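Novice: This is the structure I have questions about; it appears just below.
Just so you know, all these numbers are worked out from the coordinates, no wet-lab data involved. Not measured: the values here are computed from a predicted model. All Cβ positions, even for glycine, are placed from backbone atoms using ideal geometry, and neighbour counts span all protein chains on display.
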Amino acid sequence: MRGHTLHMPAPRPRLLVVDDDRAILTLIGSIALGEGFDVSTTVDGTDALQQLSVRPADLALVDLKMPGVSGLDVLRAIREVNSGCRVALMSGHATIDSAVEAVKLGAMDYLTKPFDLPRLRELLSTVRRDAEERRTVLRLESDLAHHLEFCGMIGRGALMQEAFGLIRRLAPHARTALVTGETGTGKELVARALHTLGPRRAKKLVTVNCSALVETLSESELFGHVRGAFTGAAETKAGLFETADGGTMFLDEVGELPFTVQAKLLRVIENGEVQRVGSVDARKVDVRLIAATNRDLVAEVAAGRFRRDLYYRLNVAQISLPPLRERREDIPYLTAAFVRAFSERFGKSISALTPGAEHLLIEAPWHGNVRQLRNVLERACMLADGEFITEGDLALVLDRATPAIGEPPVPIRAVPAPLHEIEREHIIRTLEQVRGNKAVAARLLGISRRAFYRQLERHGLHHRVPMNRHDRRQIPEERPA
């Protein structure tokens, strides 16, 4: 409801305790509850990793020596699949060597049994404060993203702020404008901003995707036709330029227009006239024209595919949008805005991403730019179960195989592949996405690890796909006999 703010209680930090001594689990659990933690416990290292793959923790307290999977193995696996979780090891038989190895592997502390309770409480207090500070930062990022929004676009960095300033200055005056940038950078949002901030805001904004126009009918769609002008023209029809009269016409992907249509477009710009197909009469239109393209129009002119005079008439005022890879400083704010929107849409309480998931987004190539980021986060929000989107959620949806701009597309099979080949390729791609971690791959595929090993055997992948350290230490006992 507008004007009212709903204050939700702040989520409590989460602790996972892993120890084969249930008395230890009870002791630490009671102390941590008093320190403001949500607590989960388990006696099994494999179960601990399964829990973390579903719901991240802020801190894991892990016993060094347990049957089966050791504490160091659990620590290694956590650092691989849940890098945002801090880990402290516990041992009743502490040695300098084990403490040094734990620190080298990324443990934040090493506690000896029987516990020094004040030290344990100090550790819990430190992690709780850090978790609260992180949630505060995430909340501020979300709020800042809201304040940084400009006509549906978000950008804190210099490149986007420069573009926003140019839009503000051009909107009241420019009758023609050219918006350039790669696919997915937000060119249509720029066109909408120019229209909304300009003097024609009360009139229509007509959007045309030139690449979707049928070449033989593009002239009729844009400029209209008279009855009988061509086969199928059963009645006279006004074109889109006449529909936009008094308002704004946005021609997206203008570089795709046929050369013959470009000449008529030039006449609209120069004389404010359109001529319906099959008619000798010109009709006056008053249209503000905004064109956009992801092509290099200078190269298109040189190649003879785009009219030089039209290019100069369109390029009176140009706004260039940078690709997302050149404005990575904006990714956290874009992410915060998208997560907030999708969380509300899906009725979830997702507040942010884990640090490891954030790192994946920052480092991704983003060939599809902001549109691709939005799609990835929409799918990740659908999959997320808890407060945070995890690396596992992103591994299932983040398209690491998107070809770079200019790379040839992967050829499509003329005949569908057999089902077993598709299944095999899907398993291989999933393993590549999670860097060979079979436990995570099994979860993403929705099957048990035992069933996953049977699939590896069935497709001849059991010995071809390299194991990571996590798999070598905790899965062998579950292999099929």
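Novice: Taking 0.36 nm per residue of separation and subtracting the Cα-Cα distance, what length does fully extending GLN318 through ARG134 add?
Specialist: Extra length available between GLN318 and ARG134 comes to 62.2 nm.
Novice: From the backbone phi of the range 235-247, what are the Karplus-calculated ³J(HN,Hα) couplings (6.51 cos²θ - 1.76 cosθ + 1.60, θ = phi - 60°) in whole Hz, Gly and Pro given as x?
Specialist: 8, 6, 9, 6, x, 5, 5, 5, 4, 8, 3, x, x
Novice: So if each residue of separation counts as 0.36 nm, and I subtract the Cα-Cα distance between MET382 and ARG454, what length gain in nm does that give?
Specialist: 23.0 nm
Novice: Go through GLN161, VAL268, LEU197 and say which Cα lies farthest out towards the positive end of the charge dipole of the range 158-320; charges sit on Cβ, +1 for Lys and Arg, -1 for Asp and Glu.
Specialist: Of the listed residues, the answer is LEU197.
Novice: Sticking with this one: How do the peptides 332-338, 213-219, 241-247 rank, highest first, by the average count of neighbouring beta carbon atoms within 10 Å per residue?
Specialist: Sorting 332-338, 213-219, 241-247 by mean packing, highest first, produces 332-338, 241-247, 213-219.
Novice: For LYS284, which lysines qualify as cross-link partners when the Cα separation must be under 24 Å and same-chain residues fewer than eight apart are set aside?
Specialist: List returned: LYS203, LYS204, LYS237, LYS264.
Novice: Right, another one. Going Cα to Cα from LYS438, which aspartates and glutamates come in below 17 Å? Please leave out same-chain ones fewer than 8 positions away.
Specialist: Counting by Cα, and skipping residues close in sequence, LYS438 has these aspartates and glutamates nearby: ASP47, ASP73, GLU80, GLU391, ASP393, GLU423, GLU425, GLU457, ASP471, GLU477, GLU478.
Novice: Okay, moving on. For Cα pairs less than 8 Å apart in space and 6+ apart in sequence, what is the mean separation divided by the residue count of the range 158-320, i.e. the relative contact order in percent?
Specialist: Computed value for the range 158-320: 32 percent relative contact order.
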